[in-house]
Amino acid sequence: MSVHCPECGFVNAEGANYCQKCGAFLGDGKEGDTTEVYQVDETGEIRPVDLEEVTGEGATLVIRSGGGRSGEAFNVSGDRMTIGRSPDAEIFLDDVTVSRNHALLVRRRDGLYIDDLGSLNGTYVNRRRIESHRLRDGDELQVGKYKLTYIDER
């Protein structure tokens, strides 16, 4: 059985989550899914956190799916944060679908932006491929096979 993309009509293999042609989400549209949020502490241990507590510190990126890391949260701090497969990246996503230096979160005068760094598979925000995009609360990012939600409760 195949799955037709709701955005471009491309026929994708059964079980695909994203369109191979345009990157659109192919999910079943179930509402009400929840994710337990955690952070990895300095010792490498997983520590459950209260999402309200984390977002109170400013903007946060939460992995919604991909790589078995659903629920992992990253506080967005400073003026620049790198996203990629490089172990030096502040948001380290270890998968071949992610470029070593995939994207950059950068604070500009009018807000926080995500810039694609010429990645092979592209960076998507709300199912659209972007070069640069000003982030807003609730935006869904796709970096390789990872889906992340941007939360800014300010």
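The values are calculated or read from the model by the stated rules, or taken from the named source; none is laboratory data. Everything numeric here is computed off the predicted structure, so don't read it as measured data. Cβ placement follows ideal geometry from the backbone for every residue including glycine, while neighbour counts extend to all protein chains displayed. Ligands, DNA and RNA are stripped out before the accessible areas are found, and what is left, the full protein with its side chains, is counted by its heavy atoms. Shrake-Rupley method; radii C 1.70, N 1.55, O 1.52, S 1.80 Å.
Estimated from the Cβ-Cβ distance and a Förster radius of 22 angstrom, the FRET efficiency linking Arg109 and Glu153 is about 0.55. Using a cut-off of under 11 Å, list every residue of the range 117-154 whose amide N is near the label point 7 Å from the Cα of Asn17 along the Cα-to-beta-carbon line. Only 142-148 pass the distance filter.
Mind ranking 9-19, 95-105, 76-86 by how tightly packed they are, going by the mean number of other C-beta atoms within 10 angstrom, highest first? Could the numbers behind the result be given before it?
Working: 9-19: 13.5, 95-105: 19.5, 76-86: 16.9.
Per-residue mean Cβ counts within 10 Å order the peptides as 95-105, 76-86, 9-19.
Would you work out the relative contact order for the range 78-145, in percent, from Cα pairs under 8 angstrom that are 6 or more residues apart? Reported relative contact order: 26 percent. Computed with a 1.4 Å probe over protein heavy atoms only, the accessible surface of the range 80-154 comes to 53 Å² per residue.
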